[in-house]
Every structure is written in C-alpha cells, then in structure tokens.
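**Student:** One structure, pasted below without further comment.
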Amino acid sequence: MTVFDSKSVATPMAASARRLPFDAGYLLLAIALLLYPAVASPFFTFQIGGYTLILGTIALSLMVLAGYGGMVSLSQMTVAGIAGYTIAIFGTNTSGVMGLGWPWWIIVPLAIFIGALASALIGMLAVRTAGIYMIMITLAIATAFFYFVRQNYALFNGFNGFHGINPPTALGVHWRDPVPFYYLALAVATFFFIVVTYAQRSTFGLSLQAIRDNPRRMRAIGFDVAAHRVFAFFLAGVIAATAGVLLVWFNGQITSGTVDVNAAIDVLVVAVVGGLRKPIGPYLGALLFALLQNFAIDLIDPERFNTVIGLVFLLIIFFSPDGLLGLWERLRTTTMNKSLRPALRRKPST
C-alpha cells in the first residue's frame, strides 16, 4: 500500500515555491526595468522611472538604518542635499554664485565622500540615543541644515539656491537625456540593491541586526555597539549621497526646498509605505509616491497633496504594518497555499 505523506510532498514544493518566485521574480523585474524605456514615453522614463529610482535609493539608505539597525533617521535627505550642494558649489551652475568649475570625475567622488562623512558625524551624535530621541535629534539636524542653507547667501545662495546644474557629457552621451539618465539611475540603484542584499548576510550586517535586537548582550560579549552604528550611518550616507548627486542632476538645480523638513519626512513615508524588511521595499514606496506626486496633484488642490499622502500612508499601514512589501508577500503566500491545496487533499491510494 502506498501511503501519501502530505508533509513529504508539501515541504519540497513549499521550499521550491519559496525559492523560485524570488529568483524568477527578480529576473523578470530586471528584464522589465531594462526594457522599460522601449515602451515608455520620455516623461514616464524620466519623471517616473528616473525619479522613482533616485527617491528609492535615498529611502534605501534609511531602510539600512531602520530595518537592519533599528535606527530611524530623518536626516537622509539632508545627506543627499549636502552631496547635491557640493556638486553645485564645486562644479558649474548658472546662478553666478560659487561654481568653481572642477571636473565631474573629481567632484562626484568628493560629493559622495562629504555626504558620507556628514552622515557619520550625524551618527556620532545620534547613536547614543534610541527611539524617539534619535528621531528628534536627526530631525533637529535636518531642520537646522534647512534654515542654514536658506539664510546663507555667500556659500549656498540662500533661498534661490543654484540653478543650471547639468550632468556631464561623458563617453559621448548627454546623461540628462531621459533614456541615458534612466539607465544611469538604474545602474546606481541596482548596485546598491546588490550591496545592501549582500551586506545583510555579511558579518557586519548580522552583527548590526543582533545589535538592533539586543544591544546590551552584544556589548557584553565585546562588540563596540556605537562603532557599528556609526559605520552603518557612514554606509547609509554613501547610498544617500550618491542618490543626492543624481537628484541634483535630475532637477537641474538645488535649493533650500530640496532639503526642507517635508522632504525629510517624505523619505520616511516612502520607506515605511514600501516596507523596511527588504531592499525592494523602498523602491515600491518610491514608485507609489512618484505616481501620486505626478498624477494626484492634477485631481486635487496642490496644497492638499500632503493630505493624500497621509491618507494613503494610513491606509497601507492599517492593512499591512509591513507596507506594500507585506501586502505582496501576503498575496504570494495565499496564492502558493491555494496551489498546494489540491495536492494536500488527495486521498491515499492503495
């Protein structure tokens, strides 16, 4: 008599179902992203695709801190803004202020380094606290930087900021054209997505997650908790600063409005709505935010846009605390269970 063991069948099938959708899903997503400009208009390629990748990368830096380190920072747009201002000050602009004209291959690494260094300095101030206190410290830093650049005309040109900031023409390509810029943003986003995915499983990533779960125990067994957290801020700063370089090229300008408090909170909303558990989450949130920002504003009063964002945020978090990523995984689990149900209901054969 042949006995049907549901566990012996369901376990391999479930394991396969857990593996294959991940690999196949990301492969299909990569193909779709590569082919996207071929089917999308220049507007959708640049304003939706490019902006989603940039905003998602900035939110990814917050996901590294909050998701893996348990540290919620509202200064990631500040770090991106510092890198953007570095590009404007040391590069070229049409505002008649600063614009030292350094070559791009010098100012881009310089901007990323300055942004990452600023992030590490913010981390040194913030990692001694936790929870609401860290949020308030990083929010205070973001607010202070906003008012500083708004009121400083000698270096930051105050409220007007810098205009006429264009990416370089390298390798015979003008990188602000919609398709080249999209692929540039995609390359940066893909690189950091892979780095963060790998870092999660590295020794440092596992240590950071252990510190998030039990910092007192990690300190007791000899780990320097503060140093790990500051280094996490530095790595997140590299990500945010690189996205900040793309952001200033995307806008062609940078002003105090780029780094205001609303922008800092938007990054938090994007990361939370998308999901903080996996690197793909911030990009899901960024896509939703970009779509709402570009199309919802045509249906409502522009002054009510933040109200719409708030309502969407509340609805998603109410139905799924893990954001859009949680909704997707719940749907995938339900679909997988339905596909396995017929096999589990089969009667034993004799």
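**Student:** Could you list 196, 97 so that the one with the fewest beta carbons within 10 Å of its beta carbon is first and the one with the most is last? All intermediate terms of the calculation are to be shown ahead of the outcome.
**Tutor:** Values: 196 22, 97 17.
Ordered from fewest to most neighbouring Cβ atoms within 10 Å, 196, 97 come out as 97, 196.
**Student:** Still on this structure: Mind jotting down the distance between the C-alpha centroids of region 90-157 and region 207-278, whole Å?
**Tutor:** Region 207-278 and region 90-157 have Cα centres spaced 14 Å from each other.
**Student:** What full-extension length gain, to one decimal in nm, is calculated for residue 277 and residue 191 as 0.36 nm per residue of separation minus the Cα-Cα distance?
**Tutor:** Working: separation 86, 0.36 × 86 = 30.96 nm, distance 1.84 nm.
This chain segment gains 29.1 nm when fully extended.
**Student:** Still on this structure, please answer the following. Compare 118, 154, 80 in a GNM of the chain, Cα atoms joined below 10 Å, and give the one with the largest fluctuation.
**Tutor:** Of 118, 154, 80, the Gaussian network model singles out 154 as fluctuating most.
**Student:** Counting other beta carbons within 10 Å of each residue's own, what order do 174, 163 fall into, fewest first? Walk me through the numbers on the way to the answer.
**Tutor:** Numbers: 174 12, 163 16.
If I rank by nearby Cβ atoms, fewest first, I get 174, 163.
**Student:** Mind telling me which of 229, 128, 217 comes out most flexible in a GNM of the chain, alpha-carbon contacts under 10 Å?
**Tutor:** Taking springs between Cα atoms under 10 Å, the residue moving most is 217.
**Student:** For region 41-344, with the dipole built from +1 on Lys and Arg beta-carbon atoms and -1 on Asp and Glu ones, taken about the Cα centre, which of 244, 311, 123 lies farthest toward the positive end?
**Tutor:** Checked the options; the winner is 123.
**Student:** Sticking with the crude label model, points 7 Å out along Cα→Cβ, report the distance from residue 166 to residue 106 in nm, one decimal please.
**Tutor:** Computed distance between label sites residue 166 and residue 106 equals 2.1 nm.
**Student:** Over the chain, with a Gaussian network built from C-alpha contacts below 10 Å, which listed residue (61, 73, 41) shows the highest mean-square fluctuation?
**Tutor:** Maximum among the listed residues: 41.
**Student:** Among the complete DSSP H segments of the chain, which ones combine at least 30 Å of alpha-carbon extent along their axis with a mean Kyte-Doolittle hydropathy of -0.5 or more?
**Tutor:** On the way: long enough: 6-39 (46 Å, 0.92); 104-126 (32 Å, 2.20); 178-201 (35 Å, 1.28); 225-251 (38 Å, 1.74); 323-344 (31 Å, -0.19).
Helices passing the filter in the chain: 6-39, 104-126, 178-201, 225-251, 323-344.
**Student:** Tell me the mean residue ellipticity at 222 nm calculated for the chain from its helices only (DSSP H runs of n ≥ 4, each -39500 (n - 2.57), averaged over every residue, nearest 500). Let's see the in-between values first.
**Tutor:** Details: 13 runs with 236 residues, N = 350.
One gets -23000 deg cm²/dmol as the mean residue ellipticity at 222 nm.
**Student:** May I pose another question? Dividing the Cα convex hull volume of region 85-230 by residue count, how many Å³ per residue is that?
**Tutor:** Numbers: hull volume 21.6 nm³, N = 146.
Measuring per residue, one finds 148 Å³ for the Cα hull of region 85-230.
**Student:** I'm checking a number: the convex hull volume of the Cα atoms of region 167-237, normalised per residue, in Å³. What is it?
**Tutor:** On the way: hull volume 7.4 nm³, N = 71.
Measuring per residue, one finds 104 Å³ for the Cα hull of region 167-237.
**Student:** If you don't mind, there's one more thing I want to ask. If the chain between residue 124 and residue 177 were fully stretched, how many nm would it gain, using 0.36 nm times the residue separation less the Cα-Cα distance? Spell out each step's value before the answer.
**Tutor:** Working: separation 53, 0.36 × 53 = 19.08 nm, distance 3.92 nm.
Contour length minus Cα-Cα distance gives 15.2 nm.
**Student:** Next question. What dipole magnitude, in Debye to the nearest 20, does the chain give about its Cα centre under +1 on Lys/Arg Cβ and -1 on Asp/Glu Cβ? Don't skip to the end; give the middle numbers.
**Tutor:** Numbers: 22 positive and 12 negative charges, 324 e Å.
Result for the chain is approximately 1560 debye, rounded to the nearest 20.
Laboratory data are not the source of any read-out in this text; all were calculated from the coordinates shown. For clarity, every value in this text was computed on a predicted model and none was experimentally measured. We place every Cβ from the backbone using ideal geometry, glycine too, and count neighbours over all the protein chains shown.
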